[in-house]
């Protein structure tokens, strides 16, 4: 830890994103003076490493949170709804990884490469977008510098780690049973076997037959880009991949565009890596443990006027969650909203 820096609490430290958050913070040399790892009562007492230091996980309560400068929360919406207002009342900034506050008018939903200026109007709670929204919006923000966007459709291919550690364990277990020629036990995390399968069903079904995940992508994209009327539709699919979310994205523009101009815009986007060689593409396996968003296979969509289609992939636990949170905190420091002491 540093003599100068921030006192930080991580709620949900023992979860998949919490662990990655600590690794990313250490890698980026984020100014941490004191770090409090918090979780549920059943996880209290567990020991975790931050760099070379071994820290003991504490139960999340008011005493554990008193006096901190910044709270990072990656837990259930119910947990966020308890501690978000608590932090707000005490003028402690909470960066929330969940969906509890994303669509609140007074809560900025932030990807620093796209809309860091929205942090200036925070009300002590800042939300991170869904892990499928972030890479998509980074690409869309770059593309709209060439021409305004009329319509977006996307299909996602989402890793099981987006569901949590239990889903990762279930996929690994199912693969083991299949490799041994044994019958796969009845699944517990997903409604059907995920190994050697795909599931066009991420989160609960809602209005119009869309799932909650699909509606999140639409609503969050509109909010981050400040385009409330953007025509948008998604189909979200769970695939038997451990880490890394992928997307096929169709974009229709309001005016004539060229692939050269769009490629230049993508290449200029901070945090995004673009390859204009149609035979080169990044897979989830290659994107794992990376912070960049990768875009490739950009090509003309001949089915619509002024349309293109491309492939997009990123690590859902890093840029889709933990890295974005650290970047938000770095932006807060850069903008003078937070300061080291």
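The values are calculated or read from the model by the stated rules, or taken from the named source; none is laboratory data. Quick caveat: nothing in here was measured; it's all calculated off a predicted structure. Cβ atoms come from the backbone with ideal geometry, glycine included; neighbour counts cover every protein chain shown.
With the condition kept exactly as written, say whether any residue in segment 97-110 is assigned to a helix (DSSP H, G or I) and either surrounded by fewer than 19 Cβ atoms within 10 Å (Cβ to Cβ) or in contact (Cβ under 8 Å) with a residue 24 or more places away in the chain (or both). Give the derivation first.
Filtering segment 97-110 down to residues assigned to a helix (DSSP H, G or I) leaves none.
Within segment 97-110 (the criterion being assigned to a helix (DSSP H, G or I) and either surrounded by fewer than 19 Cβ atoms within 10 Å (Cβ to Cβ) or in contact (Cβ under 8 Å) with a residue 24 or more places away in the chain (or both)), the answer is no, since none of the residues qualifies.
For segment 52-77, give me each residue that is modelled with pLDDT under 95 and within 23 Å of the chain's Cα centre (by Cα).
Once the filter is applied, which keeps residues that are modelled with pLDDT under 95 and within 23 Å of the chain's Cα centre (by Cα), segment 52-77 yields 74, 75, 76, 77.
Kindly evaluate residue 241 against the criterion of being more than 23 Å from the chain's Cα centre (by Cα) and modelled with pLDDT of 95 or more. Reasoning before the result, please.
Working: more than 23 Å from the chain's Cα centre (by Cα): no; modelled with pLDDT of 95 or more: yes.
No.
Output the residues belonging to segment 121-148 that are in a helix (DSSP H, G or I) and either surrounded by 24 or more Cβ atoms within 10 Å (Cβ to Cβ) or at pLDDT 95 or above (or both). Give the derivation first.
Within segment 121-148, the first condition is being in a helix (DSSP H, G or I), and the residues that meet it are 121, 133-143.
Once the filter is applied, which keeps residues that are in a helix (DSSP H, G or I) and either surrounded by 24 or more Cβ atoms within 10 Å (Cβ to Cβ) or at pLDDT 95 or above (or both), segment 121-148 yields 133, 134, 135, 136, 137, 138, 139, 140, 141, 142, 143.
Does segment 277-289 include one or more residues that are touching a helix residue (DSSP H, G or I) at 6+ places or on another chain (Cβ under 7 Å), at pLDDT 95 or above and buried (at least 16 other Cβ atoms within 10 Å of the Cβ)?
No.
Restricting to segment 97-117, name every residue that is touching a helix residue (DSSP H, G or I) at 6+ places or on another chain (Cβ under 8 Å) and closer than 11 Å to residue 332 by Cα.
112, 116
Read through the list (1) surrounded by 23 or more Cβ atoms within 10 Å (Cβ to Cβ); (2) not assigned by TED's automatic domain parsing to the domain that holds residue 118, then give the number of the only condition that residue 302 fails.
(1)
Looking only at residues in segment 153-173 that are buried (at least 23 other Cβ atoms within 10 Å of the Cβ) and part of a strand (DSSP E or B), which one is nearest to the chain's Cα centre (by Cα)?
That would be 158.
Picking from 211, 176, which residue would you name as being over 21 Å from residue 246 (Cβ atoms), at pLDDT 95 or above and either outside the structural domain of residue 139 (by TED's automatic domain parsing) or surrounded by 11 or more Cβ atoms within 10 Å (Cβ to Cβ) (or both)? Full working, then the answer.
Values: 211 fails: over 21 Å from residue 246 (Cβ atoms).
Matching residue, one of 211, 176: 176.
Of everything in segment 40-54 that's closer than 24 Å to residue 315 by Cβ and touching a strand residue (DSSP E or B) at 6+ places or on another chain (Cβ under 7 Å), which residue is surrounded by the most Cβ atoms within 10 Å (Cβ to Cβ)?
Per the criteria, the residue is 48.
Return only the number of the condition from (1) touching a strand residue (DSSP E or B) at 6+ places or on another chain (Cβ under 8 Å); (2) surrounded by fewer than 19 Cβ atoms within 10 Å (Cβ to Cβ) that residue 328 does not satisfy.
(2)
List pairs: first residue in segment 38-49 and on the phi > 0 side of the Ramachandran plot, second residue part of a loop (DSSP other than H, G, I, E, B) anywhere in the structure, Cβ distance under 9 angstrom, at least six positions apart or on different chains.
Going by the 9 Å Cβ cut-off, the qualifying pairs are 45/57.
Go through (1) more than 19 Å from residue 164 (Cα to Cα); (2) in contact (Cβ under 8 Å) with a residue 12 or more places away in the chain and name the single condition residue 181 misses.
(2)
Could you list all residues from segment 18-39 that are out of contact with any strand residue (DSSP E or B) (no Cβ under 9 Å at 6 or more places or on another chain) and closer than 26 Å to residue 163 by Cβ? It would help to see each step written out before you state the result.
Kept after step one, since they are out of contact with any strand residue (DSSP E or B) (no Cβ under 9 Å at 6 or more places or on another chain), are these residues of segment 18-39: 20, 24, 27-29.
Hits for segment 18-39 are 20, 24, 27.
Looking only at segment 187-217, count how many residues are part of a loop (DSSP other than H, G, I, E, B), closer than 18 Å to residue 233 by Cβ and touching a residue at least 12 places away in the same chain (Cβ under 8 Å).
5
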